[in-house]
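Q: Sharing a structure, written as structure tokens. Questions coming.
The values are calculated or read from the model by the stated rules, or taken from the named source; none is laboratory data. Remember, predicted model here, so these are calculated numbers, not experimental data. No Cβ is skipped: glycine too gets one built from the backbone with ideal geometry, and neighbour counts run over all protein chains shown. Heads up: the accessible areas ignore ligands, DNA and RNA and are worked out on the full protein's heavy atoms, side chains in. Shrake-Rupley method; radii C 1.70, N 1.55, O 1.52, S 1.80 Å.
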Amino acid sequence: MGCYISTERQRTPKKMNTILKCLLTVFVFASVVANIVFIILHTPRTPKCAPEFQDALKGKKHDDKGLVFADLTSEEYTQVRDYMWSVSALNISRSVFAQPSENVLFLIELHLPPKSEVLRYLDKGGPRPRREAKAVVFSGSKQSISEYIVWPLPNPDHHQDVTLKTYNQELHINARTVTIGEYVALFKFVHKEVFGKVKTILEESFGYSESNTLNPFEGMPRGIQSGDRQTWFSFFRDRSGFYIHPVGFEVLINHRDTKSSMWKVEKALYNGEYFASLEELNEKYAAGKVKKIRYKESRDYGSLKPRHKPTGFGPLQYDVQGKRYSVRNNQVLYLDWSFAFGLSSLTGMRVFDIRFKGERIAYELSVQEAMSVYGSVTPGMMLTKFIDSSIGIGRFAHELVRGVDCPYTATFVDTYRYIDTNFTQRFRNSICIFEHNTGRPLRRHFSDFFSNSYGGLANNVLVFRTITAIGNYDYMWDFMFYQSGSVEAKVHATGYISSSYKTEDNLRYGHQVAENTLGNIHTHFINFKVDLDVLGRKNMFLTKDMEFVNVSLPWIPGEYAQIPRLVERQLKTEGEAALRYDTKTARYLHIASNLTNRWGHPRSYRLQVASFTGDHLPEAVPEERAMSWARYKVAITKYKDEEQTSSSLYNQNNIWSPAVDFSQFIEDNENIESEDLVAWVTTGFLHIPHAEDIPNTVSVGNGGGVILRPHNYFDEDPSMNSPDSVYIHPSEPADSCTNNRFACLAKEVCAPSLPTFTYNGFEGVMKFEE
């Protein structure tokens, strides 16, 4: 800003007008500045939200007893590794790229102590159970797999082989998961023995070059009988989301021998036609005796890069009075809830010692298995039955993205793992915990007849979440804790579908979703372990349902009406309580105590399953035993320390003689009356891929779960004691805060303290070279 006054001779009136204009401009500018300063100084600043709202915890304090369930620390993993490396008899390789013929320390994780010892420690002041680790060694030199218990922690100095005790069988080396070292050897084999031998075909058919390579994707199981290790590899363009860019070329590689020099290509598939060898394919291709695929550049339709520049933010949820939950070590406190948590590299998310209002509801709630069966006319998908814990469900829990995977202001927890590596890996922010308003009331009523009032309760829940990206699929795992005393375990699937090259007649196995791309029909089955302890360990299994009965109308002689009647049963053996998917089951399933509530009914928790599964594999199929848990919507068994999981690390690669066959848990048909009971719950959905699955399957409608609901456990709804309750009566002023805190919300508004966005999720990805 400036005022210019000419130095030339001017008439006095004109000169005076210029001076006045200049002074007026200065005055206006000064007035604006003064007003801005005044507004800033006198406008009340919005306070920052408190980090934690202590009153919500009602004086509850953390304790360290939940550490009995805690995953191993980074230091403990390293100590176990160093101890196992020091045992000369095991001769363990220290290379992350160890060859299959070498001995590999594949896995280290917590070995859970016996339940009876833990409860004695938690409830009766008994000694803390000894802390132990489980270590899995793939012994290529001995052609076997061994599991060891290593103790004590910290500073281990003992180990014991427990393989036979755990599985009642020896584990052959070909039951092992493919390690990074074996993958490196396989990829080298593919480049030399496959790409090198059909290079002309790959160049002409798929535009192959060193800068435009093809990515292999493996089918499982690896063969048709025990001992096999023959894998069909399908090839895909090296594009974003390569899973949906098939090229119509597959090979069968026999890598049964632990020496890679003995591996060989046994079959090939090109454009729907089989060849006994790559040499035969070359000969017939050169002679013009095969239907050739002509290379055509395709667009990168698998990319998740936004098609349009992001322009804004959706709603942001934050804690107005600070967080109403607290996390310390592996323990969470939230309103009336408390629980301990962990993340298994194999089975994934799990919580323990779940208590509501101080009473234990469940000893354990955990993910057990995720399984899919595919349909196709091409071999890469034709035999495929993925059993994910054999790869590691929790293994692929990478960093969660703030604001997308979890609310921006969620609490994030790092996890540590040792699986298929030679060092402890840290996965930052791989678990998130947050309180969430579902946007619908937990309960409410507007009274319009005879008297007027409104009563309601916002459905605020605590969510404990991780997301595991297992190959093409991303599974979102949620454990949700409601103020009504309910707990929900649920899963949603997103990510990329698996696909195959479109050939004649394969539309019977899916839909075309892109150029020459078939989305293959497949099932998703998920298994949860629910170890409910309802007012102790002595429980029974009850079912309730309805039936219509014909009753007479007392006030009209000779007239009848069909009315529903309650039907109740107690199932007393494991055989009775194995509820198959292919039979009608009661709609109310209860784990009940021998104690009753005020009204004389057994205090119980109901298992309410939400599931949309497809049909399970027929039991006559040899591979079915490795996934026999999927026969049952719910199966109730008597608790045994030796029946910890429904599947195993080895079921995928020796699917015909599985290390764990869940159906054997039921075969002894033990009594389950007044016993410690475990519910094994299966949920999931059938997926028939469609055009909208490109590029990614959305989570909407693709999931399932189980809700644990109190059923006559209380004398009334426990959420009546919630601090979030709202009651409005016409006799009270509309702005009264007495029973409606929302009337005072404007006075309690705070600004969230938002952390800086960071992301380190690519630190823990699988790497196949130094």
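Q: Between rounded, prolate and oblate, where does region 257-307 land on the alpha carbon gyration tensor, with a ≥ b ≥ c its root eigenvalues, rounded for a/c under 1.5, else prolate if a/b exceeds b/c?
A: It is oblate, given that a/c is not under 1.5 and a/b is not larger than b/c.
Q: Where the centre of each part is set by its Cα atoms, how far does region 448-509 sit from region 206-241, in angstrom?
A: Between the Cα centres of region 448-509 and region 206-241 lies a distance of 31 Å.
Q: Shifting gears a bit: With unit charges on the beta carbon (Lys/Arg positive, Asp/Glu negative), name the residue among 306, 368, 510 whose Cα is farthest towards the positive pole of the charge dipole of the chain.
A: It is 306.
Q: Highest mean first, how do 671-684, 453-466 rank when packing is the count of other Cβ atoms within 10 Å averaged over residues?
A: Those peptides, ordered most packed to least, come out 671-684, 453-466.
Q: Suppose every K and R has +1 on its Cβ and every D and E has -1 on its Cβ; what is the size of the dipole of region 67-168 about the Cα centre, in Debye to the nearest 20?
A: So the magnitude is around 260 debye.
Q: In region 655-770, with Lys and Arg counted as +1 and Asp and Glu as -1 at Cβ, which of these residues, 658, 731, 764, has the Cα nearest the positive end of the dipole, that is, farthest along it?
A: Of the options given, the answer is 731.
Q: Just want the answer: with Cβ charges of +1 for Lys and Arg and -1 for Asp and Glu, which residue in 88, 168, 116 is farthest toward the dipole's positive end in region 67-168?
A: 116
Q: Given the rule -39500 (n - 2.57) for each run of at least 4 DSSP H residues, summed and divided by the residues of the chain, what is its mean residue ellipticity at 222 nm, to the nearest 500 deg cm²/dmol?
A: -4000 deg cm²/dmol
Q: Considering only Cα-Cα distances, which of the following residue pairs are longer than 31 Å: 385/640; 165/572; 61/538; 115/142; 134/357; 385/572?
A: 115/142; 134/357; 385/572
Q: Okay, moving on. Using amide H atoms built 1.01 Å from N in the peptide plane, name the residues 5+ places from residue 595, or on other chains, whose amide H lies under 5 Å from its own.
A: For residue 595, whose amide H was placed from the backbone, the distant partners under 5 Å are 603.
Q: Residues with amide H under 5 Å of residue 459's amide H, sequence separation 5 or more or different chain, H placed in the peptide plane at 1.01 Å from N; which?
A: The list, which skips near neighbours in sequence, is 438, 439, 440, 442.
Q: Would you mind getting the accessible area per residue of the chain, heavy atoms of the protein chains only, 1.4 Å probe, in Å²?
A: Per residue, the chain has an accessible area of 48 Å².
Q: Is the chain best put as rounded, prolate or oblate by its Cα gyration tensor, with a ≥ b ≥ c the root eigenvalues, rounded for a/c under 1.5, and otherwise prolate when a/b is larger than b/c, oblate when not?
A: Working: a/c = 1.69, a/b = 1.15, b/c = 1.46.
Here the chain falls in the oblate category.
Q: By a straight-distance test (C-alpha under 17 Å), which lysines pair with residue 633 as possible cross-link partners, with residues fewer than eight away in the same chain excluded?
A: In chain and number order, the partners are 490, 529, 544, 584.
Q: List the residues whose amide H sits under 5 Å from the amide H of residue 610, counting only those 5 or more places along or on another chain, with H placed 1.01 Å from N in the peptide plane.
A: Long-range HN contacts for residue 610: 705, 706, 707.
Q: Could you give the DSSP H helices of the chain that reach 15 angstrom or more along their long axis (alpha carbon positions) and whose average Kyte-Doolittle hydropathy is no lower than -1.0?
A: Details: long enough: 12-42 (45 Å, 1.43); 74-86 (18 Å, -1.40).
Long hydrophobic helices here: 12-42.
Q: Sort 649-656, 120-127, 223-230 by the packing proxy (mean of other Cβ within 10 Å over each peptide's residues), most packed first.
A: The most tightly packed comes first, giving 649-656, 223-230, 120-127.
Q: Something else: What does the highest-first list of 102-114, 726-738 look like by mean Cβ count within 10 Å?
A: Highest-to-lowest ranking by the protection proxy: 102-114, 726-738.
Q: Which loop chymotrypsin sites (Phe, Trp or Tyr not before Pro) in region 194-295, with loop taken from DSSP, have no more than 15 other Cβ atoms within 10 angstrom of their Cβ? All intermediate terms of the calculation are to be shown ahead of the outcome.
A: Numbers: sites: 195, 206, 208, 217, 232, 233, 235, 236, 242, 243, 249, 263, 270, 274, 275, 285, 295; in loops: 208, 263, 295.
Filter output for region 194-295: 295.
Q: Now, a different point. Using only protein heavy atoms and a 1.4 Å probe, report how much of residue 64 is accessible, in Å² to the nearest 10.
A: Estimated to the nearest 10 Å², residue 64 gives 80 Å².
Q: Let me ask something else about it. Round to a whole number: what % of the accessible area of the chain belongs to carbon and sulfur, probe 1.4 Å?
A: Working: 19710 of 36900 Å².
So the carbon and sulfur contribution to the accessible surface is 53 percent.
Q: Let me ask you something else. Where does each of 55, 157 land when they are ordered by accessible area, with a 1.4 Å probe and the largest first?
A: If we order 55, 157 from most to least accessible, we get 55, 157.
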